[in-house]
Amino acid sequence: MKPDDRLIVALDLPSVEDAESLITTLGPAVVSYKIGYQLAPLGGFELARLLKGAGKNVFLDLKYHDIGATVEKGVQSVRQFGANLLTVHSTPTVVRAAVAGRGDDATLKILAVTVLTDQSPADVARGFNLSADEIDLPKIVLDRARMAIDEGADGVVASAMEAAALRDALGPAPLIVTPGVRPAGADIGDQKRVATPADALRAGASHLVVGRPITAASDPAAAAGAILGEMRDE
Ligand code: C5P
């Protein structure tokens, strides 16, 4: 994979007009975009179709979590417009249904979300009627990732801190898509577990998701160029 194919810019913006303006500013250098909850209800799906028509890759970060029949149909709908990546939660029934919905589509890859990065051990413990010190988050992340890959998922979403252990456990094939990437010296915002682009790639990430370091930069094209430069040097 070429370094430029590994960068995904998160379109976490308030309107399709803002997103289109950023996409124009970034030009041909950026080939993959992520559309999530903020933009999807505001015309984000139509934008995803336009991006596909323009030859870009589209990552729909919809984190599906529902009964199997609903997930399977939801994935089939996403398939119809040629999305490249889709997130689902790493519950066995959900992953299995998503894989069934993907079928033999070679374009669409299913990514499993293991433990959301804003969850503390105490948050996870409450869901299982356990105490926080009984929760081994890194082990839960690994177990859920292994389960998702066993069920046929194409990869996982993971911070750079988790990527190395996941790469060891999962082997070379699964995608590891890593958010929380910050160029050296950048504002980390609300991200808690950040890494530089080079560190994330060294840890085994196949793709990097970058939002605010590009979208909120005074010169987004220069910011994307610097990140791509760091990725190409790695
Ligand atoms: O602006 P920033 O670079 O922090 O954006 C990261 C993107 O990755 C956001 O769209 C965020 O929702 C997403 N993400 C994340 N952590 C996860 C999963 C997704 O930051 N565990």
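The values are calculated or read from the model by the stated rules, or taken from the named source; none is laboratory data. These numbers were taken from a predicted model, which means no experiment stands behind them. The accessibility values were calculated without ligands, DNA or RNA, using every heavy atom of the protein model including side chains. Shrake-Rupley method; radii C 1.70, N 1.55, O 1.52, S 1.80 Å.
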- What order do H207, H65 take when sorted by accessible area (1.4 Å probe), most exposed first? H65, H207
- Per residue, accessible area of the chain with a 1.4 Å probe, heavy atoms of protein chains only, in Å², comes to 46 Å²
- Summing -39500 (n - 2.57) over every DSSP H run of at least 4 residues in the chain and dividing by its residue count gives a helix-only mean residue ellipticity at 222 nm, to the nearest 500 deg cm²/dmol, of -12500 deg cm²/dmol
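Working with all protein chains in place, sort R193, R202 by solvent-accessible area computed with a 1.4 Å probe, largest first. Working shown, then result.
Working: R193 85, R202 150 Å².
Greatest to least solvent exposure: R202, R193.
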- Query: So what J values fall out for segment 190-199 if you push phi through Karplus, 6.51 cos²θ - 1.76 cosθ + 1.60 with θ = phi - 60°, rounded to Hz, Gly and Pro as x?
  - Reply: 8, 6, 9, 10, 10, 8, 6, x, 5, 4
- Work out from phi, with θ = phi - 60° and the Karplus expression 6.51 cos²θ - 1.76 cosθ + 1.60, the ³J(HN,Hα) of each residue of segment 152-165, listed in order in whole Hz, and give x for Gly and Pro. x, 5, 8, x, 9, 9, 7, 5, 4, 5, 8, 4, 5, 5
- Message: Just want to confirm a number: the relative contact order over the chain, from Cα pairs under 8 angstrom separated by 6+ residues, in percent.
- Response: 19 percent
- Message: Viscosity 1.306 mPa s, temperature 10 °C: what is the translational diffusion coefficient of the chain from Stokes-Einstein with a Kirkwood Rh over Cα pairs, rounded to a whole number of µm²/s?
- Response: 88 µm²/s
- Quick one: Karplus J couplings for segment 220-231, per residue in order, coefficients 6.51, -1.76, 1.60, θ = phi - 60°, nearest Hz, x for Gly and Pro? x, 5, 5, 5, 5, x, 5, 5, 4, x, 5, 5
